[in-house]
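Read through the structure below, which is laid out as structure tokens, and then see the notes.
The values are calculated or read from the model by the stated rules, or taken from the named source; none is laboratory data. Keep in mind that this is a model prediction, so the values were computed, not measured. Here the Cβ is made from the backbone with ideal geometry for all residues, glycine too, and neighbour counts use every protein chain on show. Heads up: the accessible areas ignore ligands, DNA and RNA and are worked out on the full protein's heavy atoms, side chains in. Shrake-Rupley method; radii C 1.70, N 1.55, O 1.52, S 1.80 Å.
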Amino acid sequence: MTIKNIFKASFFHSSNYGEIEFEKNALIFVSENGIIEQVIKNNNPEYKILLEKYSKTEKFYSFGDKILLPGFIDLHIHAPQWPQAGLALDDELSHWLNNFTFPLEVKYENLEFAHEVYTDLVKTLLSNGTTSAMYFGTIHNEATLELAKICAELGQRGFVGKVVMDDKNMNPEFYRDSSTDSAITNTEKFIKDIKTLGKNVPQGIYPVVTPRFVPSCTNKALNELGKLAKKYNTYIQSHCSESDWEHNFVKDRFKKRDTEVLNSFGLLGEKSIMAHCNFINKDDGEIFSKTHSSVCHCPISNSYFANATLPVNYLKNQGVNIGLGTDISGGFSPSLYDNIKHTVISSRMLNDGVNNNLLANERGVKNSKVSIFEAFYLATTGGGIALKLPLGLFKEGYICDFQVIDTQFSSNELKNYLTNEKDNLLQRILYLSSKENIREVWIQGKRVLKK
């Protein structure tokens, strides 16, 4: 394989949950198709020889004092809700959906509106270091295909789903699939259209089977979507046991838990990513583990609408893979940096408890704390595992996605007064960076953004 680029750079990544690796001024060799062919550490006997050989060639890039982080992987975004980010989050979920969300999503019948919003959203996510993104679209094929085209054009790795919500009893008349048959036919057409589009996209564009959630779909739709996912070997995304209402509604309707229902319809498997999952129990966790399905943790959104905090460590100990999502616009922020921080905050609240009428040793769920390094793993390596792609690490055979962090950028200088020790540096980057510190974004070995 021909080498296209050689990067000299210092970088952080996390191969194992909570474990951080730092390499200073390593040489990263990247092939023409954007795959890391080799990483030469500065203590390698060949390092100086290779540095001298390539440093004056056109292939060579030095990032100097800047720090590389893997591109972040956002596993749960409601793309059409971007215009309402930050609105009505102090209202009840039903009010938020019926008065803001559904009337907004109807507007994507207008392709010009869709193009304007989706272009702005993808650019915003890229500027926040998100290199791979899994999107809910709307019920509209053309608008959702437009989102995929924008991802392709701007260089982001996109995973895009046409939403299915066909149950006439559970969805507003003004916004739902016209029939179950049309929902399935349109989903199959969408899968084929995305697969055709993706043939010419180096970083990849992928179709995702997307039942909005169990309450919004008929049994027939859920069953047929499971069949389509198997037929075309697609990704699957939905919500699972997000809130008291959803969790209890599914139990009342099926006499089974949400996880069991999704599994019975063939909607859990290696390429399944279920958002939230705050109310899943030990048995549910075993199903996720056995089916190799992943959970997408959306910590900011959960604080508004979930009525519970995801027990990240409990599920990790069961062998469940977990990634992170912004859940725009149930989560107001397009930044996974913000969600990394909130992962830590919400885990501390779960661990220590919040009811001060109870004794301190009775309040919380012990062993629930998630460290900043563990949250970093979720946003990178955990997301790559969920997508079943070699993402999130600077290692041979991995896709070369990264963000370039300038800790000395004038408007937000991250001075380290204490020590240059690597763990402190990464903590300050994760807690204190703004999107202005992210100076470049590279995807599949190609620079897609430079500020």
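Odds and ends about this structure:
- When all protein chains stay in place and ligands, DNA and RNA are ignored, the 1.4 Å accessible-area order of LYS66, LYS41, largest first, is LYS41, LYS66.
- Largest-first ordering by accessible area, 1.4 Å probe, given options LEU197, LEU121: LEU197, LEU121
- Computed on the stretch 344-404, with alpha-carbon pairs under 8 angstrom and 6+ residues apart, the relative contact order is 22 percent.
- Summarising the amide proton neighbourhood of THR218: residues at separation of 5 or more, or on other chains, whose placed amide H is nearer than 5 Å comprise ASP166, ASP167.
- Taking θ as phi - 60° and the Karplus parameters 6.51, -1.76 and 1.60, the scalar couplings of the stretch 306-319 work out to 8, 6, 6, 10, 5, x, 4, 5, 4, 5, 4, 5, 8, x Hz in sequence order, x denoting glycine and proline.
- Calculated diffusion of the stretch 368-417, Stokes-Einstein form, Kirkwood radius summed over Cα pairs, 20 °C and 1.002 mPa s, µm²/s: 164 µm²/s
- Fraction in percent of alpha-carbon pairs per bin - 10 Å, the stretch 126-235: 16, 47, 27, 10, 0
- Dividing the convex hull volume of the alpha carbon atoms of the stretch 38-127 by its residue count gives 182 Å³ per residue.
- Heavy atoms of LYS435: accessible area, 1.4 Å probe, square angstrom to 10: 90 Å²
- Cα-based shape type of the stretch 25-68, given that a ≥ b ≥ c are square roots of the gyration tensor eigenvalues and the cut on a/c is 1.5: rounded
- TYR431 - accessible surface, heavy atoms, 1.4 Å probe, Å² rounded to 10: 90 Å²
- Rounded percent of accessible protein surface that carbon and sulfur make up, the stretch 215-304, 1.4 Å probe: 47 percent
- The residues of the stretch 1-147 expose, per residue, 44 Å² of accessible area to a 1.4 Å probe.
- Here the stretch 382-442 and the stretch 76-152 have alpha carbon centers that stand 26 Å from each other.
- Using the empirical formula 2.2 N^0.38 Å as the baseline, the Cα radius of gyration of the stretch 266-352 reaches a ratio of 1.04.
- If the chain linking LYS107 and GLU436 were pulled fully straight, counting 0.36 nm for each residue of separation and taking away their Cα-Cα distance, it would gain 115.2 nm.
- Scalar couplings 3J(HN,Hα) for the stretch 365-377, obtained by applying the Karplus form with A = 6.51, B = -1.76, C = 1.60 to θ = phi - 60°, are 10, 5, 6, 9, 5, 10, 7, 5, 6, 5, 5, 4, 4 Hz; x denotes Gly and Pro.
- Accessible-area value, LYS388, 1.4 Å probe, nucleic acids and ligands omitted, Å²: 80 Å²
- Assuming charge only on the beta carbon of Lys and Arg (+1) and of Asp and Glu (-1), the dipole of the stretch 359-437 about its Cα centre is about 280 debye to the nearest 20.
- Within the stretch 384-448, GluC sites (Glu not before Pro) in DSSP loop having at most 14 other beta-carbon neighbours inside 10 Å: GLU396, GLU413, GLU421
- Of every Cα-Cα pair in the stretch 195-249, the percent that sits beyond 15 Å: 57 percent
- Set LYS56/LYS341; LYS4/LYS24; LYS41/LYS388; LYS66/LYS341; LYS24/LYS53; LYS4/LYS195 screened for pairs whose C-alpha atoms are more than 29 Å apart: LYS56/LYS341
- Net charge dipole size for the chain [Lys, Arg +1 and Asp, Glu -1 on Cβ; Debye, nearest 20]: 1200 debye
- Cβ-derived FRET efficiency at R0 30 Å, ARG428 paired with LEU358, nearest 0.05: 0.30
- Subtracting the Cα-Cα distance of LYS388 and ALA308 from their residue separation scaled by 0.36 nm leaves 26.0 nm.
- Centre separation in Å (Cα based) which lies between the stretch 197-266 and the stretch 2-29: 36 Å
- Given charges at Cβ of Lys, Arg, Asp, Glu: the chain dipole, positive-most of THR185, PHE7, HIS76: PHE7
- Percent of Cα-Cα distances greater than 28 Å, calculated over the stretch 172-328: 20 percent
- Listed residues HIS342, HIS239 arranged by accessible area, highest first, probe 1.4 Å: HIS342, HIS239
- Taking the alpha carbon gyration tensor of the chain, multiplying each eigenvalue by 5 and rooting it gives semi-axes of 36, 26, 20 Å, largest first.
- Selection from ASN416, THR131, LEU27 lying farthest towards where the dipole of the chain points positive, charges on Cβ: LEU27
- Percent RCO, i.e. relative contact order, over the chain, from Cα pairs under 8 Å lying at least 6 residues apart: 19 percent
- Distant alpha-carbon pairs in the stretch 338-451 (separation over 19 angstrom), percent: 61 percent
- Using a cutoff of 8 angstrom between alpha carbon atoms and counting only pairs six or more residues apart, the relative contact order for the stretch 244-304 works out to 32 percent.
- Cα shape, the stretch 340-393, gyration tensor, a/c 1.5 rule: prolate
- Taking the Cα centre of the stretch 39-118 as origin and assigning +1 to Lys and Arg Cβ atoms and -1 to Asp and Glu Cβ atoms, the resulting dipole is close to 880 debye.
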